[in-house]
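J.: A single structure is presented below for examination.
Coordinate-derived values only; no laboratory data. All figures in this text were calculated on a predicted structure; none of them were measured in a lab. Because the Cβ atoms are built from the backbone with ideal geometry, glycine has one as well, and the counts that use them run over all protein chains shown.
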Amino acid sequence: MLCTHWPKIVYDIEGNLLVKTSQEISEKIIEEVIEQNKINSSQVFLSQTKIIEDFIKKIDSGIYKVIFADKENTEKVIDILTNTSFAELMIRELENLKINQPDIYNHILVVAALSIKICLDLTNEEFDPYRIAKIGLVHDIGKSRLPAEILEKDKPLTHEEFKIIQTHPWIDHLLVSHYLNTTKSFVAKAALCHHEKLDGSGYPLGIEQINNYVQTIIPCDIFDALISRRPYRSEPFTVRAALDLLLEESKKGKINNKYVKCLISYSRKDKPHYNDVNPSQINRDGKPKINYYGIREE
Ligand SMILES: [Fe+2]
Ligand SMILES: [Fe+2]
């Protein structure tokens, strides 16, 4: 499987050239990159960074005030984040995002935290919350290598531009594998799959077999993307419309309904158990005219 529509060359955070324009990213290219660039990055705990502070600021606004209203529960999420360690170069990637693409940085923090929250709540499932924290934190770092004129475009994207956006999971996979110096990283592979769908209609691989970690990340990722401002979309989705869309997607067998129900529960003040969430069948808010990925509808 190859990454097509490659926009430009890729450097790591220290300025080392990883991939040239003429190359398309593939597992084989990633192997070569690791072979040629033996990286030895030290481990840093998030407690040694400003990430926790930034996350606390972020959840003091909008719907996240409701979702993270339970102080005791949120303390547990913060505790997981605080004790998550990561390759120092990955942390530098996040710091770079914070400066240059703060929207993506905030999105990453929220997706990591929501996924940890689900992971802690579903005690009957085998989840390692530290592992899901890492997947959330890296899942969109590849976007930092995409052309700014596409990321910041204030009009709907063309299909050609969207194809370029769709290369970012491969860049995630490349960068994370490089920083962790292995082709076998679960986190790097999970990042590659964060836009897949259970019916095989996702990208970049179009696979149906998606592990539980990625299945958890997917609705959290879509939810935050929908309710956040984007340059190409004049109005974000309301929380209700975003949850309706996620429910529709789960009914079509694209995403896991259980994790969608968790998000619905969190967004309600009374926080019912996810099994008791009985969503109304009527879509009250509808959806904005532009589809949620911002592609021009023709
Ligand atoms: Fe993404
Ligand atoms: Fe994302």
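J.: Sorted from fewest to most neighbouring beta carbons within 10 Å, what does the list Thr74, Thr167, Thr21 look like?
T.: Thr21, Thr74, Thr167
J.: Now for a different question. Compute the separation of the alpha-carbon centres of region 74-149 and region 245-264 and state it in Å as a whole number.
T.: So the separation of the two Cα centres works out to 21 Å.
J.: Determine the principal axes of the Cα atoms in region 165-207, then give the extent along each, sorted from largest to smallest and rounded to whole angstroms.
T.: Here the spans come out as 32, 20, 10 Å, largest first.
J.: Sticking with this structure for a sec: Any idea what the dipole of region 40-276 comes to, in debye rounded to 20, about its Cα centre with Lys/Arg Cβ at +1 and Asp/Glu Cβ at -1?
T.: For region 40-276, the charge dipole is close to 180 debye.
J.: Cross-link partners among lysines for Lys20, C-alpha distance below 22 Å, same-chain residues fewer than 8 apart left out?
T.: Leaving aside lysines fewer than 8 places away in the same chain, those within reach of Lys20 are Lys8, Lys28, Lys38, Lys143, Lys163, Lys189.
J.: In terms of the ratio Rg/(2.2 N^0.38 Å) built on C-alpha atoms, what value belongs to the chain?
T.: 0.96
J.: Still on this structure, I have one more. Please list, in chain and number order, the residues 5+ apart from Leu157 or on another chain whose amide H is under 5 Å from its amide H, with Hs placed from the backbone.
T.: Correct list: Ile295, Arg296.
J.: Report the one residue of Ser41, Ile222, Ala190 whose Cα lies farthest in the direction of the positive end of the charge dipole of region 40-276 (charges on C-beta: Lys and Arg +1, Asp and Glu -1; origin at the Cα centre).
T.: Ile222
J.: On to the next question. Based on the Kirkwood radius over alpha-carbon pairs, what is the Stokes-Einstein translational diffusion coefficient of region 83-141 at 25 °C with 0.890 mPa s viscosity, in µm²/s?
T.: 207
J.: Right, another one. Scaled to the compact-protein estimate 2.2 N^0.38 Å, what is the alpha-carbon radius of gyration of region 125-216, rounded to two decimal places?
T.: Here the Cα radius of gyration is 1.13 times the empirical estimate.
J.: Right, another one. To make sure I understand, if each residue's beta carbon is the centre and we count other beta carbons within 10 Å, what order do Leu94, Leu17 fall in, fewest to most?
T.: Least to most surrounded, the residues fall as Leu17, Leu94.
J.: Got a sec to turn the phi values of region 111-119 into Karplus ³J(HN,Hα) couplings, 6.51 cos²θ - 1.76 cosθ + 1.60 with θ = phi - 60°, whole Hz, x for Gly and Pro?
T.: 5, 4, 5, 4, 5, 4, 4, 4, 4
J.: For a footprinting-style exposure proxy, rank Cys220, Cys119 by other Cβ within 10 Å, fewest first.
T.: Ranked by crowding around the Cβ, least crowded first: Cys119, Cys220.
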